[in-house]
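Laboratory data are not the source of any read-out in this text; all were calculated from the coordinates shown. The model shown is predicted, which means the values in this text are computed figures rather than measured ones. Quick reminder, even Gly has a Cβ in these numbers, built from the backbone with ideal geometry, and neighbours come from all protein chains shown.
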């Protein structure tokens with residue numbers, strides 16, 4: 001062996017020789033996902049209303065744009081707060097690694113925020129035609145923006161619970177659940193009865209599909225990997241997150257589904273608003289449990 005090779009070997013520096021203990025992604029990341037779901041979800045809902053109920057949507061351009069702008073800023077704020085070196089975040093833009101979901105997501109989220117700023121300005125100036133032209137591109141960009149977190153979680157190859165196909169579906173459904181719920185509360189008297197019923201259908205069906213996916217993972221997930229079986233123990237029986245998991249499932253999916261059905265039969269707007277409020281609050285718990293429990297399992 002050459003002398004310089006021996007010198008390099010003896011001067012090796014060990015930077016990390018044990019697994020990171022505890023929770024790496026805390027509630028900051030839950031807030032990140034929750035706010036992003038609302039910010040993109042209201043855009044999806046306005047897109048639906050503009051095509052199905054334009055008489056209601058015409059009054060909601062500015063409130064929706066402001067709501068999306070605020071929640072996307074919350075999403076970006078908590079993303080920044082969770083970084084270990086937040087003051088170096090500019091490195092993402094000047095030294096990007098385009099194989100990283102974080103880098104790609106940062107570019108998309110920044111572009112999305114820029115377009116939302118333009119939407120707020122156009123809605124404030126009541127330039128509806130220009131708003132609608134820009135809004136089409138905002139809606140298209142909202143899809144990868146709300147999906148990118150699923151790609152980020154799927155890159156954690158040692159966490160079998162975070163599979164890309166199911167996480168992608170859950171991210172879209174989280175956006176439609178929270179978006180329809182937020183729009184029901186935001187629209188209020190500006191929405192016609194028919195528009196409220198459309199949003200209620202979106203909320204109910206989204207809740208149903210998301211609940212089916214969660215129950216499929218809950219029942220059949222342990223069959224695909226031992227790691228998933230051990231992870232599920234945290235939300236089964238007397239697991240530490242059992243109460244939060246089931247409380248979230250009832251608040252976000254089961255009760256809102258029932259309330260949406262009852263609101264249609266009784267034509268009760270109060271029941272629909274209650275379903276929306278429960279879905280928004282419960283979604284935070286659902287996302288938090290699903291984020292935390294895989295991190296509780298030791299990797300060695």
- In degrees from 0 to 90, rounded to the nearest 10, what is the angle of the helix 193-220 Cα long axis to the longest principal axis of the chain? 30 degrees
- Task: Please give the per residue volume of the convex hull enclosing the alpha carbon atoms of region 45-94, rounded to a whole number of Å³.
- Result: 93 Å³
- Query: Dividing the Cα radius of gyration by the Kirkwood radius, what Rg/Rh value follows for region 181-272?
  - Reply: 1.13
- Query: Using the count of nearby Cβ atoms within 10 Å as a rough guide to exposure, how do 269, 167 rank from fewest to most?
  - Reply: 269, 167
- Query: In what order do 153, 223, 209 fall by count of nearby beta-carbon atoms within 10 Å, going from fewest to most?
  - Reply: 223, 209, 153
- Item | Rg over Rh [alpha-carbon atoms, Kirkwood Rh] for region 83-172 | 1.08
- Message: Below 8 Å between Cα atoms, with a sequence gap of 6+, how large is the relative contact order for region 24-296 in percent?
- Response: 23 percent
- On the first, second and third principal axes, largest extent first, how far apart are the outermost C-alpha atoms of the chain in Å? 80, 49, 25
- Message: How large is the Rg to Rh ratio of region 126-195 when both quantities use alpha carbon positions and Rh follows Kirkwood?
- Response: 1.13
- Once the Cα atoms of helix 61-82 and of the chain are each reduced to a long axis, what angle between those two axes, in degrees from 0 to 90 to the nearest 10, is obtained? 20 degrees
